[in-house]
Amino acid sequence: MTDAAHISPATRASSRTLHRQRGTILVTSMLLLLVLTIIAVTAMQMTRMQERMAGNTRDVNLAFQGAEAALRDGELLIRQQNSRPPTCSAAPCEFWEPGLLTDIEDRDQSWWDAVAIEYEVDGDRFALTHDIGELARDPQFIVESLGFVPDSLTVGHGVPEGRDFFQVTGRSTGGSGMANTVLQTTFTRRF
């Protein structure tokens, strides 16, 4: 008798079950591998999205800081004046007449280049250089005179004392050149 004759029917059934189980293990393994791949791809996409969001947040923050620097530079220009500065109505102009500039925040870059003053870290308006390396371009600002407001309504007692009001508008485009931020402040000064 051969060895095959000695195999019991229970052993044969067990052997058939093992062959079927090996196929089941392969299918289960493939499904598990597919699930892990989907999880990994999703995690990579989420990481990429978070990286973009962090980059955009940084760019907007740089644009805000650049516009803030431009505001401070415009205020410095007002502080440096020894007397009430003359206003003008055409570029190039340091101090614009009241009411001439409208919808400043909606203007494009070419308008800003024609009308605004470029930020200078040293206040030197003659040697224009790229002063803030992290920004795509230096911020710009506009100073508009809002007028004189006397301290008293009394008339006829000489030149009235009071304050001049200015609106300073700063603009920056951030590190990418795409994050436009416009800030405005009102600045007063006695001359």
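The values are calculated or read from the model by the stated rules, or taken from the named source; none is laboratory data. Only a predicted model underlies this, so the values are computations on that prediction, with no experimental measurement involved. Glycine also receives a Cβ, built like all others from the backbone with ideal geometry; neighbour counts cover every protein chain displayed. What goes into the accessible areas is simple: the full protein's heavy atoms, side chains included, and nothing from ligands, DNA or RNA. Shrake-Rupley method; radii C 1.70, N 1.55, O 1.52, S 1.80 Å.
A few notes on this one:
- Under the Debye formula (equal points on every Cα, no solvent term), log10 I(q)/I(0) of region 73-191 at q = 0.13, 0.19, 0.21 Å⁻¹: -0.55, -1.05, -1.23
- Computed with every protein chain present, the accessible area of Thr47 is close to 80 Å² [probe 1.4 Å].
- Derived scalar couplings between HN and Hα for region 136-151 equal 5, 8, 5, x, 10, 9, 10, 10, 10, 6, 9, x, 9, 10, x, 6 Hz in order, rounded to whole Hz, by the Karplus curve 6.51 cos²θ - 1.76 cosθ + 1.60 (θ = phi - 60°), x for Gly and Pro.
- Computed from phi, the 3J(HN,Hα) profile of region 31-36 under the Karplus parametrisation 6.51, -1.76, 1.60 (θ = phi - 60°) reads 5, 4, 5, 5, 4, 5 Hz, with x in place of Gly and Pro.
- Accessible-area order (highest first, 1.4 angstrom probe) of the listed residues Glu94, Glu134, Glu144: Glu134, Glu94, Glu144
- Equivalent ellipsoid, region 45-116 (semi-axes from 5 times Cα gyration tensor eigenvalues, Å): 35, 16, 8
- Cβ-placed point charges (K, R +1; D, E -1), dipole of region 38-99 about Cα centre in debye, nearest 20: 200
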